[in-house]
Structures are given as C-alpha cells and as structure tokens.
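The values are calculated or read from the model by the stated rules, or taken from the named source; none is laboratory data. Because the structure is a prediction, the values reported are computed rather than measured. Cβ: placed from backbone, ideal geometry, glycine included. Neighbour counts: every protein chain shown. Please note that ligands, DNA and RNA were not included when accessible areas were found on the heavy atoms of the full protein model with its side chains. Shrake-Rupley method; radii C 1.70, N 1.55, O 1.52, S 1.80 Å.
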Amino acid sequence: MLLPAKSEVARQLRRYRAWERSMLASPADGGVRSTFEDSGYTLCVLMGKRCAREAADAAERYLRTNLVTHAQEQGDRLSPSGRKTPSGAA
C-alpha cells in the first residue's frame, strides 16, 4: 500500500479545515460551498475514504502516527524491511 506524503496530507487537511470554517461562516455562498466540497473530495481521494469527515479524521490519525502504527490500524502487516506483506505472511 502506498501512503501519501505527510506534508501533502497536512497541506490538504489545512485547506479542508479552512474551507470548512468559511462554509460555516457563509453557508449560502455557492462558491465557498463548491470549493469546500472540492477540498473534501481531494482529501477523500488522498486518504482512501468515501466521506470527507472520515477522510479528515483519517488524515489527523495518520499525521499523529508513524508508518508501523498506521499499518497496524489498517490491519496490514509489515515485513522487517517496512514493506507490506499479505495477511498471514511475514
């Protein structure tokens, strides 16, 4: 499994949160809504989630963890070299 660069995850999460605040401040503004939805979609693609809220939560967890912890949370196993192995194999 390829993991996104933490710097890119952090950048997209900041963008999503900024547009979220703008959306809450101006819920009737169509341009703000559109950009907020676009930022949520980008975060979903980056984190492999279907819902922007889940993607934001996953991004926050990912930024708090290291590679091994993240793989364990996802149910993946890593070889001693740090590469993913099929479940049941070491």
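Remarks
- Of the residues L24, L2, the single one that is open to solvent by 80 Å² or more (accessible area, probe 1.4 Å), under 19 Å from the mean Cα position of the chain (by Cα) and not basic (K, R) is L2.
- The stretch 11-35 residues that are within 20 Å of A55 (Cα to Cα), paired with ones that are among the polar types (S, T, N, Q) and not in a helix (DSSP H, G or I) (beta carbon under 6 Å, 6 or more apart): V32/S26
- Restricting attention to the stretch 1-26, the residues that are outside any helix (DSSP H, G or I) and modelled with pLDDT of 95 or more total 1.
- Taking the conditions (1) small (G, A, S); (2) surrounded by 13 or more Cβ atoms within 10 Å (Cβ to Cβ); (3) outside any helix (DSSP H, G or I) in turn, A59 satisfies each one other than (3).
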